[in-house]
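The values are calculated or read from the model by the stated rules, or taken from the named source; none is laboratory data. Note that this is a predicted model, so its numbers are computed, not measured. Heads up, the Cβs are rebuilt from the backbone with ideal geometry, glycines too, and the neighbour counts pull from every protein chain shown.
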């Protein structure tokens with residue numbers, strides 16, 4: 001049982017891992033397609049995380065990751081799929097959430113994460129990519145790649161001169 005859980009769950013944050021995110025995501029995505037429902041994918045990357053590990057140590061880095069996971073877990077609905085994809089990257093699948101609702105949701109999450117980082121004195125910001133669809137698109141993997149690409153565009157914009 002423990003091995004099975006470890007194969008699906010990130011040991012540090014107890015969030016689903018990349019594999020579980022993909023497997024559960026395919027199921028929820030297929031359901032959204034059948035229902036003609038809206039669907040949103042959110043990717044979150046912690047900017048300057050390596051700096052935290054290098055200057056404050058890995059224990060602090062682990063505390064930061066678990067704090068982010070806790071905040072995400074507190075905000076998700078029962079139907080949402082949060083995950084730690086690895087390193088400093090998290091993702092959320094938000095079935096039945098349109099672009100307008102996703103914008104409000106992500107802004108609330110960004111504020112909560114920012115407040116927690118400020119409170120702890122951690123110099124971390126977040127790059128967030130959001131891909132929302134009125135109706136779930138034809139391919140789950142393409143949607144996930146689009147949200148991931150948007151996250152990196154956000155990071156580029158964040159550090160642009």
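If you scan region 38-94, which residues turn out to be free of Cβ contacts under 8 Å to residues at least 60 places away in the same chain, within 20 Å of residue 106 (Cα to Cα) and part of a helix (DSSP H, G or I)?
65, 66, 67, 68, 69, 70, 71, 72, 73, 74, 75
Looking only at residues in region 113-139 that are at pLDDT 90 or above and surrounded by fewer than 12 Cβ atoms within 10 Å (Cβ to Cβ), which one is farthest from residue 46 (Cα to Cα)?
119
Residue check, residue 97 against (1) within 16 Å of the chain's Cα centre (by Cα); (2) outside any loop (DSSP other than H, G, I, E, B), all met but one. Which one?
In the conditions (1) within 16 Å of the chain's Cα centre (by Cα); (2) outside any loop (DSSP other than H, G, I, E, B), residue 97 misses (2) alone.
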